[in-house]
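Encoded as structure tokens, the structure appears first; notes follow it.
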Amino acid sequence: MMSQKIATKVFVWASVAFAIIGLLMVITTSPESDGPNVVLLKLLFTSVIIILTSFALSVASKYLNSKS
């Protein structure tokens with residue numbers, strides 16, 4: 001049960017980070033630039049990976065706890 005709570009907290013914080021990084025990308029990208037900031041893009045994709053992993057762990061933990 002504890003691992004599900006940890007995974008849920010990680011999911012929430014990673015979602016907040018995703019929103020902040022996404023907003024920073026929108027705000028800092030200018031029409032004259034070649035594309036989005038590479039560092040922010042890497043951070044955005046990193047937060048997506050963390051979100052998906054923590055969601056999967058939360059669901060798996062819930063499923064395994066209901067089986068036992």
- Filter the range 31-57 for residues that are of a type in the set (Ser, Thr, Tyr) and modelled with pLDDT of 85 or more; the one that is farthest from Lys9 (Cα to Cα) is Thr46
- Query: Residues in the range 25-36: is at least one surrounded by 12 or more Cβ atoms within 10 Å (Cβ to Cβ) and outside any helix (DSSP H, G or I)?
  - Reply: yes
- Task: Write out, first by first residue and then by second, each pair whose Cβ atoms fall under 9 Å of each other, whose residues are 6+ apart or on separate chains, and whose first residue, in the range 28-41, is free of Cβ contacts under 8 Å to residues at least 40 places away in the same chain while the second is part of a loop (DSSP other than H, G, I, E, B) and loosely packed, with under 13 Cβ neighbours inside 10 Å.
- Result: Thr29/Gly35; Leu41/Gly35
- Unique match (being of a type in the set (D, E, K, R), more than 15 Å from the chain's Cα centre (by Cα) and surrounded by fewer than 14 Cβ atoms within 10 Å (Cβ to Cβ)) among Lys62, Lys42, Lys67: Lys67
- Message: If I filter the range 3-17 for residues that are touching a residue at least 60 places away in the same chain (Cβ under 8 Å), part of a helix (DSSP H, G or I) and out of contact with any Leu (no Cβ under 6 Å at 6 or more places or on another chain), do I get at least one hit?
- Response: yes
- Just give me the residues in the range 40-68 being among the aliphatic types (A, V, I, L, M) and within 13 Å of Ile20 (Cα to Cα), in sequence order. Leu40, Leu41, Leu43, Leu44, Val48
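The values are calculated or read from the model by the stated rules, or taken from the named source; none is laboratory data. Keep in mind the model is a prediction, meaning the values are calculated, not measured. Positions of Cβ are backbone-derived with ideal geometry, glycine not excepted, and every protein chain shown enters the neighbour counts.
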